[in-house]
Structures are given as C-alpha cells and as structure tokens.
C-alpha cells in the first residue's frame, strides 16, 4: 500500500469522525502506521498538520463548492467576480446555489503592485 492510499484511508477516517474528539493514534492506525510517522508524512504530503486539516474540515461545511479565483485591486476586482458568478456562470452551468455560507478567501501572496489575490467559494448543487 503506498502513502497516498494510506493518507486517503486516514482522511476518510477523519471525515467520518469529524463530530467526535480525534485521537491521532486511531487516525494513524487507519493508515497502518505509527502516529509519529503518520504526522510527519501527512504534513510532508499535504502541506498542513493533521490538526490544521481537522480544524479546516470542521470550519468549512462538507458541501460541493465552486471556487472562483481572482486577482486585482480591491474592492472592484472582487465585485466583478461576484457579478460574473451570478450573471454568467450560474446561467451557463447545470448547477444552482446551495444552502450554506459563501466564502471570500484572501490569499497571503505578496502584492507589490497593490493587487490582491482571492477566491470566492459558492456552495452548489446539481439542478
């Protein structure tokens, strides 16, 4: 079993038990490895710690999301993205807005030119 398969099993375990207290030993057991090694490998492959992953999964509801990246001067650039989502993307796609929060994610990229990078997350469902 390769590490991607192991991580997928551990992620599935974490997702199934999100509402419960997490024990790193049980998560690592799902990946068939020690908790010390699992934590190192998870961080190396995913770019975040196990605790960060769990915190993010608990904060962001398990919905299907359409993610729209953008870059430009604020607030004009993000307003353009919002307008295009509802005037162009939704009418052209086979999805509709789902119940749930809409998110604006501001990315921590250096912006010497005064522009900001961001993402707009919209919960969606098939029509």
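The values are calculated or read from the model by the stated rules, or taken from the named source; none is laboratory data. Computed from a prediction, not measured in an experiment: that's the story for all the values here. Here Cβ is always computed from backbone atoms with ideal geometry, including for glycine, and neighbour counts include all displayed protein chains.
Looking across the stretch 112-122, the residues that are surrounded by 13 or more Cβ atoms within 10 Å (Cβ to Cβ) and more than 27 Å from residue 62 (Cβ to Cβ) come down to 115, 116. The number of residues in the stretch 38-89 being within 19 Å of residue 104 (Cβ to Cβ) and either buried (at least 16 other Cβ atoms within 10 Å of the Cβ) or touching a strand residue (DSSP E or B) at 6+ places or on another chain (Cβ under 7 Å) (or both) comes to 16.
For the stretch 110-127, a residue qualifies if it is more than 23 Å from residue 85 (Cα to Cα) and touching a strand residue (DSSP E or B) at 6+ places or on another chain (Cβ under 8 Å), and exactly one does: 111. Within the stretch 59-70, one or more residues are assigned to a helix (DSSP H, G or I) and under 30 Å from residue 16 (Cβ atoms).
Considering the stretch 1-31, and only residues there that are in a loop (DSSP other than H, G, I, E, B) and loosely packed, with under 14 Cβ neighbours inside 10 Å, the residue that is modelled with the lowest pLDDT turns out to be 1. Residues in the stretch 97-109 that are exposed (fewer than 12 other Cβ atoms within 10 Å of the Cβ) and either out of contact with any strand residue (DSSP E or B) (no Cβ under 6 Å at 6 or more places or on another chain) or at pLDDT 95 or above (or both): 99, 101, 108.
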